[in-house]
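Chemist: Let me give you the structure first, and then I'll get to my questions.
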Amino acid sequence: MSYFRTAILLAAMTALFMGIGFLIGGQSGMVIALAVAAAMNLFAYWNSDKMVLSMYGAREVDERSALELVSLVRHLAGAADIPMPRVYVMENPQPNAFATGRNPEHAAVAVTTGLLNTVNHEELSGVLAHELGHIKHRDTLLMTITATIAGAISMLANFGFYFGGRSNNSGNIGFVGSLLLLILGPLAAGLVQMAISRTREYEADREGAEISKRPLALASALEKIAGKAQQIPNMPAERNPASAHLFIVNPLSGARMDNLFSTHPNVENRVERLEEIAREMGESPAPSPAPSSEQFSGPWASSPSAARRGPWG
């Protein structure tokens with residue numbers, strides 16, 4: 001996404017933050033909310049990637065601990081013409097992945113152990129290429145700051161609900177006003193996230209297909225991830241739902257519809273678009289099964305002993 005679109009989103013989120021501050025504390029509350037929003041935006045710009053990675057217990061890996069995983073990321077980063085990002089692994093049984101960082105020079109890609117145990121070489125290549133597409137188009141900053149500000153809006157709305165609010169002109173906003181504040185504030189922030197998240201995922205799917213040259217492998221990976229994501233809970237994501245839009249597939253349980261309230265496009269719709277991209281690229285309409293030797297139970301380890309431990313060391 002362009003810097004202009006990022007600026008528009010941040011301005012909208014900041015305006016919402018200020019509006020809630022006004023309802024709670026009048027003009028002084030609005031000024032305080034503006035100052036807090038500015039400080040949070042600045043903090044998120046420099047630290048949001050570290051916060052998200054820490055939130056999910058991500059551990060950085062290198063060639064010594066995950067040789068072929070890191071080598072694959074390096075190869076795809078070269079194909080995407082972006083700097084090599086840092087590579088992280090999350091000890092999480094749900095197959096999933098996300099990218100973060102304020103720009104391509106300070107970016108990271110994180111995958112779960114569940115993903116490494118679920119997909120094959122070509123499918124992982126498609127997933128990683130999708131995440132590198134986010135980095136290339138510089139929407140990783142947008143994703144992380146959006147999650148930070150959306151969470152702050154929810155907290156501010158909760159504060160207004162429990163402690164009430166006062167404006168300089170209308171007095172206390174009362175129970176009804178507090179209830180509306182609690183509901184509409186986070187809802188509006190969530191809608192901003194959701195509206196851009198679906199478009200962002202479609203764009204990253206196309207970019208990932210172009211980087212990996214394997215749109216059908218990415219489609220196959222999406223189907224595998226979506227199927228298991230509904231069966232295997234991602235507890236850190238459940239505790240921090242404002243960060244759910246970072247992932248390639250919605251990590252939260254019970255959210256599959258492609259509508260106004262979905263953070264991700266419906267997987268079937270994404271697969272259909274990837275199949276159309278495959279036809280444009282001249283790829284076969286059905287991916288052939290990868291050889292069993294391409295599964296991640298062994299070849300992603302850097303040594304035989306690492307193979308017994310798993311591809312992440």
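Chemist: What order do you get for 118-129, 44-55 when each peptide is scored by the mean count of other beta carbon atoms within 10 Å, highest first?
Modeler: Ranking the peptides 118-129, 44-55 by packing returns 118-129, 44-55.
Chemist: Can you compute the FRET efficiency between A15 and E280 using 1/(1 + (r/R0)^6), with r the Cβ-Cβ distance and R0 = 45 Å? Round to the nearest 0.05.
Modeler: That pair, A15 with E280, gives E of 0.65.
Chemist: E63 versus M235, label points 7 Å from Cα toward the beta carbon: distance in nm?
Modeler: For the pair E63/M235, the computed spacing is 3.7 nm.
Chemist: Also, I was wondering about something else. Would you mind calculating the gained length between M51 and E91 on full extension (0.36 nm times residue separation, minus the Cα-Cα distance), in nm to one decimal?
Modeler: Here the answer is 12.7 nm.
Chemist: Using only the Cα atoms of the stretch 40-90, what do you get for the radius of gyration and for Dmax, in Å?
Modeler: 13.1, 37
Chemist: How far apart, in nm, are two points set 7 Å out from the Cα along the Cα-to-Cβ line at I8 and at H106?
Modeler: According to this spin-label approximation, the distance is 2.6 nm.
Chemist: If the cut-off is 27 Å between C-alpha atoms, which lysines fall inside it for K136, apart from same-chain ones fewer than 8 positions away?
Modeler: Cross-link targets: K50, K213, K224.
Chemist: Taking 35 Å as R0, compute the FRET efficiency from the Cβ-Cβ separation of S71 and M194 and round it to 0.05.
Modeler: Efficiency at R0 = 35 Å is approximately 0.50.
Chemist: Okay, next question. Which far-off residues, 5 or more places away or on another chain, put their amide H under 5 Å from the one on N120, with H placed in the peptide plane?
Modeler: Placed amide hydrogens put nothing under 5 Å from N120.
Chemist: What FRET efficiency do you get for E203 and S28 if R0 is 35 Å and r is their Cβ-Cβ distance, rounded to the nearest 0.05?
Modeler: 0.25
Read the figures in this text as sums done on the coordinates, not as results from a lab. Since the structure is predicted, the reported quantities are computational estimates derived from the model, not experimental observations. Please note: Cβ atoms are built from the backbone with ideal geometry, for glycine as well, and neighbour counts cover all protein chains shown.
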